[in-house]
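Undergrad: Starting off with a structure, shown below.
The values are calculated or read from the model by the stated rules, or taken from the named source; none is laboratory data. Not measured: the values here are computed from a predicted model. With ideal geometry, Cβ positions are generated from the backbone for all residues, glycine too; neighbour counts draw on all protein chains shown.
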Amino acid sequence: MLILALDTAMAACAVCVWRDGTVLAARRDAMSRGQAEALVPMVQAVMAEAGVAWGDLDRIAVTVGPGSFTGLRVGLSTARALGLAAGKPVVGVTTTEVLAAAVPPEVRAGRRVLAAVDSKRADLFLQWFDADLAPLGPPQSAEPEAVRADLAAAPAVVTGDAADLLAPLPAGAEAVAAGAQTPEPAVLAALAADRPLPAAPPQPLYIRPPDAALPAGGGQLRPSSP
């Protein structure tokens, strides 16, 4: 299966072309802003490097959140537009699933996996998985102190860019290497390859409303209330 995978959910812009477990071409740039300008040129460069035509693709994969409101909007709107133009289905995968699946089996063996995303506010976005990557609950938000208490309850490995916000980790908890702090497009592609085709385009997974809101009577965006 040939997949174009896109991720702009967190502080990076990343793309890869993946075929049956092999990455044909990939690009990744760390950035918290500017994904809207960077993503399409990155996609074009990766497709050209892989020597793949749009008609060759089987599907397009994209992270749906949780993550940055703007980043999710950029990734999803781009994936939908590319899918529509190429006549290809778009498959969404949660950010937390991609982060958890990137943890090597030998690292997560016998331990829970916590995928934690920096919400840029006082709380964290997170999801728990067992050692076999079965979800132990839905994506949610929680305060760092509550998460530390959960980490202390049983051995766990922590992945995602919010791992540093949980330091110092309690005994029995370990953070993965920094390279796994944002979603890896190759992991996204592998997960998307095993998903059934959706009946409708993927939707963003927002744990809470965005930090900007339209006034009741319309008009310009203003910051939302805390």
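Undergrad: Only residues that are touching a residue at least 12 places away in the same chain (Cβ under 8 Å), over 22 Å from ARG73 (Cβ atoms), not in a loop (DSSP other than H, G, I, E, B) and not aliphatic (A, V, I, L, M): list them for region 1-27, please.
TA: Of region 1-27, the ones touching a residue at least 12 places away in the same chain (Cβ under 8 Å) are 1-21, 23-27.
Next, only the ones that are over 22 Å from ARG73 (Cβ atoms) stay: 1-2, 17-21, 23-26.
The next check asks that each one be not in a loop (DSSP other than H, G, I, E, B); those that pass are 2, 17-19, 23-26.
Within region 1-27, TRP18, ARG19 qualify.
Undergrad: Would you mind stating whether LEU151 is surrounded by 14 or more Cβ atoms within 10 Å (Cβ to Cβ) and at pLDDT below 95?
TA: No, not satisfied.
Undergrad: OK, next. Could you identify the single residue in ALA36, ALA50, ALA5 that is over 20 Å from ARG208 (Cβ atoms) and crowded, with 20+ Cβ neighbours inside 10 Å?
TA: ALA5
Undergrad: Okay, next question. Taking the condition more than 11 Å from ALA116 (Cβ to Cβ), touching a strand residue (DSSP E or B) at 6+ places or on another chain (Cβ under 9 Å) and in a loop (DSSP other than H, G, I, E, B), does LEU188 pass? Break it down stepwise before answering.
TA: Working: more than 11 Å from ALA116 (Cβ to Cβ): yes; touching a strand residue (DSSP E or B) at 6+ places or on another chain (Cβ under 9 Å): yes; in a loop (DSSP other than H, G, I, E, B): no.
For LEU188, the condition - more than 11 Å from ALA116 (Cβ to Cβ), touching a strand residue (DSSP E or B) at 6+ places or on another chain (Cβ under 9 Å) and in a loop (DSSP other than H, G, I, E, B) - is not met.
Undergrad: Of these, ALA153, ALA131, ALA122, which one is assigned to a loop (DSSP other than H, G, I, E, B), free of Cβ contacts under 8 Å to residues at least 60 places away in the same chain and touching an Asp or Glu at 6+ places or on another chain (Cβ under 9 Å)?
TA: Just one listed residue meets the conditions, ALA122.
Undergrad: Still on this structure, I have one more. Which of the residues that make up region 55-69 are part of a helix (DSSP H, G or I), surrounded by 14 or more Cβ atoms within 10 Å (Cβ to Cβ) and modelled with pLDDT of 95 or more?
TA: Scanning region 55-69 gives a single hit, ASP56.
Undergrad: Identify, from the list PRO138, PRO66, PRO89, the residue that is under 18 Å from TYR206 (Cβ atoms), of a type outside the set (A, V, I, L, M) and in contact with a Leu (Cβ under 9 Å, 6 or more places away or on another chain).
TA: Values: PRO138 fails: in contact with a Leu (Cβ under 9 Å, 6 or more places away or on another chain); PRO89 fails: under 18 Å from TYR206 (Cβ atoms).
Selected residue: PRO66, the only one of PRO138, PRO66, PRO89 that is under 18 Å from TYR206 (Cβ atoms), of a type outside the set (A, V, I, L, M) and in contact with a Leu (Cβ under 9 Å, 6 or more places away or on another chain).
Undergrad: Among the numbered criteria (1) surrounded by 12 or more Cβ atoms within 10 Å (Cβ to Cβ); (2) over 15 Å from MET10 (Cα atoms); (3) not basic (Lys, Arg), which one does SER119 miss?
TA: Condition not satisfied by SER119: (2).
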